[in-house]
Amino acid sequence: MKNIKNIFIVFAFIFSCSSHATLIFWLDPSLQDAETGDSVQVTLYASGLGDGVPPSLGAFEVDLTYDDAVLSLTSFTALNNLGDIGLFEAIDTSIGDFGGTIGLAVTSLLFPFELDPLQGETVALVDLFFSVDNLGADEHTVVGFGQTVLGFDGGGDRFLDTSTQNAIIGTVAQVPEPSTIAVFALGLMGLMLRRKT
């Protein structure tokens, strides 16, 4: 009887834990040249998973934002990396576009031992297609993340740590990369310190 009680305690501990892995939601491509009249595709990915072992991604709910004066969402497709939606291995509960915000959500109906082998360290989640309606020369716009960014592992536990990476669409040659800005700033600081000495 004591052994059975210990087994229940171990299972309760395992299934009550939150996932401590860092889940990264990102959009690819992160930089994309486009102008008025173009059609563009952006794919939502998740990284930081176990590559065939736990943690896998069992469910997500993400709001993506965009400037609806510049872009129009033409369509989106939830992909089958949480289970085949057509075979009812996963359900797509996305609410779609509501004026510059796209509500995306998919939940896997697979058991963790079925889901883990389906996923690598990175999984593609949703393909999104936009038309560029009003983008001036040397301008850019951002497809980014809204307030809701949630991920749950195969056991249903929420990922505590999540991070995001936006996508920039437009004249990307005019958009300096963060690493370029950091190197430039460090160079300026070095010159200022050198003058003081």
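Rule-based calculations on the coordinates, nothing more; no lab input. The model shown is predicted, which means the values in this text are computed figures rather than measured ones. Reconstructed Cβ throughout: ideal geometry from the backbone, glycine too, with neighbour counts over all protein chains shown.
Backbone phi angles across segment 29-43, fed through the Karplus curve with coefficients 6.51, -1.76 and 1.60 (θ = phi - 60°), yield HN-Hα couplings of x, 6, 10, 9, 6, 7, 9, 3, x, 7, 10, 10, 10, 10, 10 Hz in residue order; Gly and Pro are listed as x. Amide H contacts for Thr74 (H built 1.01 Å from N in the peptide plane; partners 5 or more residues away or on another chain; cut-off under 5 Å): Phe129, Phe130, Ser131.
Residues whose amide H falls under 5 Å from that of Ala90, counting only those 5 or more places apart or on a different chain, are Asp84, Ile85, Leu109, with hydrogens built in the peptide plane.
The ranking of Asp63, Asp51 from fewest to most other beta carbons within 10 Å of each one's beta carbon is Asp51, Asp63.
Listed from fewest to most Cβ neighbours within 10 Å, the set Phe152, Phe130 follows the order Phe152, Phe130.
How much FRET efficiency would the formula 1/(1 + (r/R0)^6) give for Ser47 and Asp138, where r is the Cβ-Cβ distance and R0 is 35 Å, rounded to 0.05?
Numbers: r = 32 Å, r/R0 = 0.91.
Result of the calculation: an efficiency of 0.65.
Please report Thr101, Thr74 as a ranked list, fewest other C-beta atoms within 10 angstrom at the top and most at the bottom. Don't skip to the end; give the middle numbers.
Values: Thr101 16, Thr74 13.
Going from sparsest to densest Cβ surroundings: Thr74, Thr101.
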